[in-house]
Ligand code: BES
Ligand code: MN
Ligand code: ZN
């Protein structure tokens, strides 16, 4: 998508469509042909209320009015929604060029939403006649706007939104095309492009290092698991500052394994890799923007399948020991609670790098979807301040987080008779018992766990995202790192 920055009114632009944000009960100032159309329109049809969209045309030129509600109540999320709706609408009538009138504070959410809304997963679908994506958007700022500042904001927003789309593009690929080895290839090419360090542990390497959790979960599949590690450390070296570790669950497919899932919606488990992709997308943006932070990304990639070689309920698995005194042993009670088992190894690997903080992202539990729906990811952890920082980033980016408890009672629920812990604590409080399991692997390192099971993909059209992978986490993480304390 191309952007052009200008400091002039949108009505001076010669493009097929002009977008104008409107406020509730305020008459928008528009030139004559549109003025006449608007005056003839019943008030009810458009008054600038939130979520309203009105398309007018006069000859070949279109004017798209997008309501933001009351002037005092405008938020970045409302701007993203309005822009998303506008961009999708123009796409649906085959318009590829538009201009939008903006205040400086509207620039970033508009750019983000325009990029996010114009992404579609059409790799395997014949193009439909009329529909195209918007290709170019002219951003019309006030006459006195600082163009240099605007340019910097645009560049940054663009990298972040494109990184979210990068995560979505891989996230949407099905499990016959993307398996752990393919994810590792994507990580390697990304590392090359963005000058990141990249380490991939394949099955023999995982075996000799003792990654018992990742190997157990991957053992039923013809596609071997991988541990993927990326590192970003900018010049001048901040090596003395410990890294921030981003850890992601990447189940390229989760059938449930021997504890197999019902057929209904099992296809959606191709999205069980989205935590890992959020990490990959975030690393892309971090490196491209050259953030002044030391960050590592650790992705546990496996496919969970039922077969003669699968791990079974009742198995006792020894997780990766790293530099711990003892490895944590796991009694497997349900092979479908596999995410926590692979994450145990990945968290230990991250912790071995002595991080100042760990943030993990995982499509971990159906219980979290039941609790919060698609409107927020769950956040749990051992550090109140880190969780607060992430929640603030969530409010700013529209990738909202909501806290769930991690009390001792949940930790008691995963005590096992035969191993250190068991991999399920029953149905009740499922998101919290899953996090209690992860807590076993982070010790006292400040840690936050984001359960993105309800937000990583969408089966319904969203105001600025299409169906499929959402890229949830990329914008959130970048915002949190930009405000890192
Ligand atoms: N990947 C799933 C969680 C999931 C379920 C994400 C539905 C999105 C939608 C995870 O591996 C899983 O199967 N969790 C089980 C755990 C249970 C067996 C303790 C669950 O939530 O049902
Ligand atoms: Mn599962
Ligand atoms: Zn899973």
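The values are calculated or read from the model by the stated rules, or taken from the named source; none is laboratory data. Here the structure is a predicted model, which means the values were calculated and not measured. Every residue, glycine as well, gets a Cβ built from its backbone with ideal geometry; the counts of neighbours run over all protein chains shown.
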Criterion: more than 20 Å from residue 303 (Cβ to Cβ), more than 17 Å from the chain's Cα centre (by Cα), surrounded by 15 or more Cβ atoms within 10 Å (Cβ to Cβ) and not assigned by TED's automatic domain parsing to the domain that holds residue 89 - qualifying residue of 133, 184, 150, 216: 150
With respect to residue 353, is the statement that it is away from ligand 2 (no atom under 16 Å from the Cβ) and either within 16 Å of the chain's Cα centre (by Cα) or on the phi < 0 side of the Ramachandran plot (or both) true? yes
Which of the residues belonging to the range 236-254 are within 13 Å of ligand 2 (Cβ to nearest atom) and surrounded by fewer than 24 Cβ atoms within 10 Å (Cβ to Cβ)? 253
Among the residues in the range 459-466, are any surrounded by fewer than 20 Cβ atoms within 10 Å (Cβ to Cβ), within 14 Å of ligand 1 (Cβ to nearest atom) and assigned to a loop (DSSP other than H, G, I, E, B)? yes
Hey, any hits in the range 227-241 for a residue that's touching a residue at least 60 places away in the same chain (Cβ under 8 Å) and either within 16 Å of ligand 3 (Cβ to nearest atom) or within 24 Å of residue 268 (Cβ to Cβ) (or both)? yes
Is it the case that residue 99 is part of a loop (DSSP other than H, G, I, E, B), in contact (Cβ under 8 Å) with a residue 60 or more places away in the chain and under 27 Å from residue 27 (Cα atoms)? no
Can you confirm whether residue 292 is within 15 Å of ligand 2 (Cβ to nearest atom), without any contact (Cβ under 8 Å) to a residue 60 or more places away in the chain, surrounded by fewer than 24 Cβ atoms within 10 Å (Cβ to Cβ) and in a loop (DSSP other than H, G, I, E, B)? no
Tell me, which helices (runs of 4 or more DSSP H) wholly within the range 373-444 include 2 or more residues that are under 24 Å from the mean Cα position of the chain (by Cα) and surrounded by fewer than 20 Cβ atoms within 10 Å (Cβ to Cβ)? 384-397
Let me confirm something: among 56, 64, which residue is in contact with a helix residue (DSSP H, G or I) (Cβ under 7 Å, 6 or more places away or on another chain), at pLDDT 95 or above, surrounded by 21 or more Cβ atoms within 10 Å (Cβ to Cβ) and not in a helix (DSSP H, G or I)? 64
Counting only residues in the range 321-336 that are surrounded by 17 or more Cβ atoms within 10 Å (Cβ to Cβ) and in contact with a strand residue (DSSP E or B) (Cβ under 9 Å, 6 or more places away or on another chain), the one nearest to residue 365 (Cα to Cα) is identified as 336
Test for residue 303: is it buried (at least 23 other Cβ atoms within 10 Å of the Cβ) and either in contact (Cβ under 8 Å) with a residue 40 or more places away in the chain or within 16 Å of ligand 2 (Cβ to nearest atom) (or both): yes
